[in-house]
Structure formats: C-alpha cells, structure tokens
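Take a look at the structure set out below.
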Amino acid sequence: LRSRLLSGELDGLLCHSCDKRGTCNLYGDPSTGHRTRSATVGGETERWSLARLELGLTDLCNMRCTMCCLSRGEASPPGVAKNGMMDTQLALQVLEDAVALSDSPPLVFLHWVGEPLIHPGITQILQRINQLGARLHLVTNGIKLTEEIQHLLLSMDGDHVLNVSLNAWDPDIYADINKANTRDQVHQQLLNFLRLRTELGKTEHWNVVASAVV
C-alpha cells in the first residue's frame, strides 16, 4: 500500500479530517524508495522533522506478565522475526537515519512488547544514542538494570527517562502478575540507580518513572 501511494498509483489524500491530511503518505522519492524531508502539498512545499523514534529491538522477554500480549504470542515488532532480535547493525543504522531526519535530537523510545535490555547489542545501541545526541526513553522491567547498565545510562549527556514496569509492589501480587520472583532484585537495582543519579549529579537529567497496572 505504501509503495502504491508513493508511486502515485493511489491517491495519497486518503484522510480528509485529520490536521495532517495529505502529508502522511507524500514524503519520499518513488523512484528510489528513499524518504525526503519535504513534500509538495496543495501546491506548497512543506518540510518536516522527525521528533520521535520507537525502536522495537526484540519481542522476547524475561517475564511472562499476565496481561501482556507477548505471553499469548500475539505481537512482534516490524522487521523482527517472531521470537527474535533486531540485527544490531540494523538498529544502529536506523538510529543514524533518525538523526539525519531530525532538526533537533529526536526522542528514541526503546520499547515494544519485549525487554530491550536483553538485546545482545544493547550496550552498543545505548552508546550510539549518546554519541548521536539523541534523547532516550527506556522502558524496562528492571531485571537487567545491572550496575554496568546503570553507569552507562548515567554517563549519557542530555535529558532522558527511565521507565520501570514494576506492575505491582506487593511481593505476592508482583509474582502473580509478572510470573517472576525478582521483585527484591529490581527494588535494589532501582534504589541503586537513584543513589548513583544523585551522587553523579544527574538528578536533573534523568526522570525516573515506576509504572503499575490496575
């Protein structure tokens, strides 16, 4: 569908009510398949800038949370084989492309249905995000929030978010929802991250969020 829209075979103005009508499908060079940063819409040239990139590194997880579609085998990120990992070099190239399409450092949202910190190339990916000057929003269950990863995150420049999916705080409810007995481990690692954040003077640069389910 996307290629047919870009080639002009189909009318790209599919939506007539959204405030972005006409712009969603018209950016790109149909002859090469490459995206451009401008398009002619209604006779005028418009330029756009990528603000946010959601990068799904894997659909694997070290938990089997009761409410998660992953537990039922129902989800997989685009470009990732079911029960697989995105190639590290591909992830790095996507990051490069995202920054090239941005006027200011984009927000890189590391989250899908899997656990990003179990990806074998996560260290390289986090380092590259920092080198490119992008902002990070990392969603994790906290199990792999090791001291090494904590120091790596806190060495990053700029403003970022660490979102830890605790799901519940009561040990019994935590175990019942997450199907894991890692509550105390995650608790200690999160407390250690907060301590290091203060010691390294990164309190203003790292917003820490704890998520729960109802």
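Restricting the search to the stretch 158-173, which residues are in contact (Cβ under 8 Å) with a residue 12 or more places away in the chain, open to solvent by 20 Å² or more (accessible area, probe 1.4 Å) and not aliphatic (A, V, I, L, M)?
G158, D159, N163, S165, W169, P171
Of all residues in the stretch 116-157, which are β-branched (V, I, T), assigned to a helix (DSSP H, G or I) and surrounded by fewer than 21 Cβ atoms within 10 Å (Cβ to Cβ)? Spell out the reasoning first.
Of all residues in the stretch 116-157, those β-branched (V, I, T) come to 118, 122-123, 125, 129, 139-140, 143, 146, 149.
Now restrict to residues that are assigned to a helix (DSSP H, G or I): 118, 122-123, 125, 129, 149.
The answer is I118, T123, I149.
In the stretch 168-179, what residues are farther than 24 Å from L196 by Cβ and outside any helix (DSSP H, G or I)? Give the derivation first.
Our first condition is that a residue be farther than 24 Å from L196 by Cβ; within the stretch 168-179, this holds for 168, 170-173, 175-179.
Hits for the stretch 168-179 are A168, D170, K179.
Taking the criterion of being under 20 Å from T66 (Cβ atoms) and in a loop (DSSP other than H, G, I, E, B), would at least one residue in the stretch 182-204 satisfy it?
Within the stretch 182-204 (the criterion being under 20 Å from T66 (Cβ atoms) and in a loop (DSSP other than H, G, I, E, B)), the answer is yes, since at least one residue qualifies.
Please verify whether N178 is in contact (Cβ under 8 Å) with a residue 60 or more places away in the chain and within 19 Å of M63 (Cβ to Cβ), treating the condition exactly as stated.
On the way: in contact (Cβ under 8 Å) with a residue 60 or more places away in the chain: yes; within 19 Å of M63 (Cβ to Cβ): yes.
So N178 fits the description; yes.
The values are calculated or read from the model by the stated rules, or taken from the named source; none is laboratory data. Since we're looking at a predicted model, the values are computed, not measured. Every residue, glycine among them, receives a Cβ derived from its backbone with ideal geometry; neighbour counts consider all protein chains shown. Surface accessibility is based on the protein's heavy atoms, side chains included, excluding ligands, DNA and RNA. Shrake-Rupley method; radii C 1.70, N 1.55, O 1.52, S 1.80 Å.
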